[in-house]
1. Which pairs do you get when a residue that is under 16 Å from SER73 (Cα atoms), found in region 106-135, comes within reach of a residue that is among the acidic types (Asp, Glu), reach meaning Cβ atoms under 7 angstrom, with the pair 6+ apart or on two chains?
2. Here are some residues: LEU13, LEU45, LEU67. Which one is in contact (Cβ under 8 Å) with a residue 24 or more places away in the chain, over 17 Å from the mean Cα position of the chain (by Cα) and crowded, with 18+ Cβ neighbours inside 10 Å?
3. Mind listing just one residue for me: the one in region 152-185 that is in a helix (DSSP H, G or I) and acidic (Asp, Glu) and, of those, nearest to LEU209 (Cα to Cα)?
4. Within region 159-195, can you find the residues that are small (Gly, Ala, Ser) and touching a Pro at 6+ places or on another chain (Cβ under 9 Å)?
5. Just for region 186-211: of the residues that are of a type in the set (D, E, K, R) and in a helix (DSSP H, G or I), which one is modelled with the lowest pLDDT?
6. Which count do you get for residues in region 16-29 that are open to solvent by 50 Å² or more (accessible area, probe 1.4 Å) and within 17 Å of GLY109 (Cβ to Cβ)?
7. If we keep just the residues of region 30-42 that are more than 21 Å from the chain's Cα centre (by Cα) and farther than 20 Å from VAL121 by Cα, which is surrounded by the most Cβ atoms within 10 Å (Cβ to Cβ)?
8. I need the full set of residues from region 1-10 which are part of a loop (DSSP other than H, G, I, E, B) and open to solvent by 30 Å² or more (accessible area, probe 1.4 Å), in order please.
Amino acid sequence: MLAEDATLMRAGLVSLLEGLGHTVVAAVGDGDSMMAAAREHRPDLVITDVRMPPSFSDEGLRAAVTLRASDPSAAVLVLSQYAATAYAAELLGPSGRAGVGYLLKDRIGEIADFSDAVSRVAAGETVIDPDVVRQLLNRRRTTNPLDRLTTRERQVLGQMAEGHNNPSIARTLGISDAAVAKHIGNIFTKLDLPEADGHRRVLAVLTYLRS
């Protein structure tokens, strides 16, 4: 289902999604309607804009965060006009087993990338727009936990934040699967993520987004 307040954009996205072989069970224009339609239809994926009525600030994001917190099975892909890293971090905050994504609206024009993101989030993966990841890489804090990581470990964590699995990271960085696994193990250790926690990959990405 789709939540987008701009009528032309909403119609265009419905047409695009249906052209890609998806069924759009509902298309609404505000956060309250999104929540109601999500509860009614239980879609495989909710796609929502960040800014919607009445204040056009972050109603769509708030609805997405609320939906994920109340329904761990709800997969959500948020579309944003800007690379607001705080939004991405907040979206990933609630725990859940379903897919989640944060994509810039410009990416919609790149049909193959948009289609891939929709399919991956619906399948349970995490997808963060590469431009947001690049912006995060340029951020620095005095007590940044990522300062403990090597350059290669930061590259691996950046790929994880984009939602890539180990084989994909290996191909992108030109290293072996074993090397990727080793780097990820080092990341978990350096970020003080205990082996007992089954969500270490998500927690590592959250640390990355908040740093």
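The values are calculated or read from the model by the stated rules, or taken from the named source; none is laboratory data. This one's a predicted model, so the numbers in the text were calculated from it and none came from an experiment. Backbone-built Cβ (ideal geometry, glycine too); neighbour counts: all protein chains shown. All accessible areas refer to the heavy atoms of the entire protein, side chains included, with ligands and DNA or RNA removed. Shrake-Rupley method; radii C 1.70, N 1.55, O 1.52, S 1.80 Å.
1. Within 7 Å, the pairs are ALA122/ASP44.
2. Result of the check over LEU13, LEU45, LEU67: LEU13.
3. GLU153
4. none
5. In this case the residue turns out to be ARG210.
6. Counting residues in region 16-29 that are open to solvent by 50 Å² or more (accessible area, probe 1.4 Å) and within 17 Å of GLY109 (Cβ to Cβ) gives 2.
7. SER33
8. ASP5, ALA6
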